[in-house]
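Right, one structure below, let's go through it.
The values are calculated or read from the model by the stated rules, or taken from the named source; none is laboratory data. Computed from a predicted model, the values in this text were never measured in an experiment. Cβ atoms come from the backbone with ideal geometry, glycine included; neighbour counts cover every protein chain shown. The protein model used for the area step is the full one, side chains on, heavy atoms only, and it has no ligands, DNA or RNA in it. Shrake-Rupley method; radii C 1.70, N 1.55, O 1.52, S 1.80 Å.
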Amino acid sequence: MIYEFSSCEKPRVAFISLHSCPLGNLGAKDTGGMSVYIREVAVQLAGMGYRVDIFTRKHEPHGGGIIQLAPGARLIHLDAGEQRETTEKISLYPHIDTFIHEIKKFARRQSAPYGMVFSHYWLSGIAGRQLARDWGVGHMVMFHTLAAVKNELGVGKPEPQLRLRGEKAVVRSCQRIITATSREKQSISMLYNAPPEKISIITCGVNMDLFKPRLDGQLKKDMAFSKERIILYVGRIEPLKGPHLLIEALALLKHRQDWRCLIAGGDQSSHDEIRRLKELAGSFDIGERLVFAGLVSQETLPGYYSAADVLAVPSFYESFGLVALEALACGCPVVASDVGDLKNIIIPGLSGDIVDKLDAASLAVKIEKWITRPLRTADEARAIRQTIERFGWDNVACELGKVIDALCSRAAGVV
């Protein structure tokens, strides 16, 4: 059946996020920028009149049911295999059919049909492809990361062929692919033979109300920092994010006695990797300079960014680089590798620097530049924030709404 919608009616949109919950612990194994993206975009679209249901798997501590994120935006947990919050993503593949069945069962109880499916990551893309076919509606997908790109980098475990085949199948069948950068669009076109006209570039965003400068120095007081300059790392603790490279760079700065490195992220599943990082830091005799803060909530992160003298993003791969946007919104400069869209966002010398050659020596030079500058003033923090004011989530949702409306009109035969 093909559902038809009038040109003035906003469709109900089904967001599919099988492996990661938008309310999961950020910085944990499989919870990061994608979860922030889904939650923020869903709430913004709901504010524009769309009705959005986000489907994810039931997991601890969420045992099912409906969570109202905002008027018009709901988060729905359904049975789909493993119920631990963090698990091996590939282990969820056999449960995709169960997940589809549960979504369709839920949808049948609704008073209005879904007019669009928006899938996130390849596992969800497979589920979304089937749901869109069965409902006769359009399917748009955002992969967030790509197996072929990760395998080309050769950092961390190689991605399985099952994922590669799944991504290629979703690319062929979907009506629209959303990417956050022109670089990602190029990768999908070249590595997956996706027609360029099938891909829309819509940048990511940041919550400008939450992430803003806080110059009260409370975090430094709470953590008993005195006059040390703070180098901050925020994100998952995994090789692809480059925390080991950051430690190698910091080893080149150990002659300086005025810095500490604060590492925010990592949960129980990151225990082994954190142990390896601590051992690496110990081998360089800088172990006491590192503070592993563990998981930090979104509400707490602005204090970390505001207290830091610089955020380091030493990643080998980012589809966009959301933590950099968060830091910049808080007035914190960013030293980052040339990943995602950061080269087009960071203004050298004003809001940070890009490390063109990703090695420890180059990273150390850029970091040292920022921790030897005078402490930034409130005016400097505001100037950094002003460089990214165009990246509000409302603007992101507005562009997504245009794509949704166009695909729905096309499906209904509206010209």
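Across segment 304-311, not a single residue is classified as open to solvent by less than 40 Å² (accessible area, probe 1.4 Å), assigned to a helix (DSSP H, G or I), among the polar types (S, T, N, Q) and more than 30 Å from ILE202 (Cβ to Cβ). Scanning segment 268-302 for residues that are buried (at least 20 other Cβ atoms within 10 Å of the Cβ) and not hydroxyl-bearing (Ser, Thr, Tyr) returns LEU277, ALA281, ARG289, LEU290, LEU301, PRO302.
Could you look through segment 367-414, keep only residues that are charged (D, E, K, R) and closer than 30 Å to VAL141 by Cα, and pick out the one that is least open to solvent (accessible area, probe 1.4 Å)? Even if it seems obvious, please write down each step before you answer.
Pass one, segment 367-414, residues charged (D, E, K, R): 368-369, 373, 376, 379-380, 382, 385, 389-390, 394, 399, 402, 405, 410.
Still in the running and closer than 30 Å to VAL141 by Cα: 389-390, 394, 399, 402, 405, 410.
Working: GLU389: 105, ARG390: 132, ASP394: 82, GLU399: 79, LYS402: 117, ASP405: 52, ARG410: 147 Å².
Across segment 367-414, the extreme among qualifying residues is ASP405.
Taken together, the residues in segment 163-184 that are within 17 Å of TRP122 (Cβ to Cβ) and open to solvent by less than 50 Å² (accessible area, probe 1.4 Å) amount to 15.
Among residues of segment 225-238 that are at positive phi, those with a beta-carbon under 7 Å from a residue that is part of a loop (DSSP other than H, G, I, E, B) at least six positions away or on a different chain give the pairs GLY235/GLY27; GLY235/GLY32; GLY235/GLY265. Scanning segment 183-213 for residues that are without any contact (Cβ under 8 Å) to a residue 40 or more places away in the chain and either closer than 19 Å to LEU400 by Cα or not charged (D, E, K, R) (or both) yields LYS185, GLN186, SER189, MET190, ASN193, ALA194, PRO195, PRO196, GLU197, LYS198, ILE199, ILE201.
At pLDDT below 95 and either open to solvent by less than 40 Å² (accessible area, probe 1.4 Å) or small (Gly, Ala, Ser) (or both): is that true of ALA360 in this structure? So ALA360 fails the test.
In segment 101-112, the count of residues that are in contact with a Lys or Arg (Cβ under 8 Å, 6 or more places away or on another chain), over 12 Å from CYS174 (Cα atoms) and either assigned to a strand (DSSP E or B) or in contact (Cβ under 8 Å) with a residue 40 or more places away in the chain (or both) is one or more.
Kindly indicate which of ASP353, ASP379, ASP285 is without any contact (Cβ under 8 Å) to a residue 40 or more places away in the chain and assigned to a strand (DSSP E or B).
On the way: ASP379 fails: assigned to a strand (DSSP E or B); ASP285 fails: assigned to a strand (DSSP E or B).
Going through ASP353, ASP379, ASP285 in turn, the sole match is ASP353.
Counting only residues that are over 26 Å from VAL36 (Cα atoms), assigned to a helix (DSSP H, G or I), open to solvent by 10 Å² or more (accessible area, probe 1.4 Å) and modelled with pLDDT of 95 or more, segment 215-267 holds 2 of them. For segment 141-165, the set of residues classified as within 22 Å of PHE320 (Cβ to Cβ), in contact (Cβ under 8 Å) with a residue 40 or more places away in the chain and assigned to a helix (DSSP H, G or I) consists of ALA148, VAL149, LYS150, LEU153, ARG163, listed by residue number.
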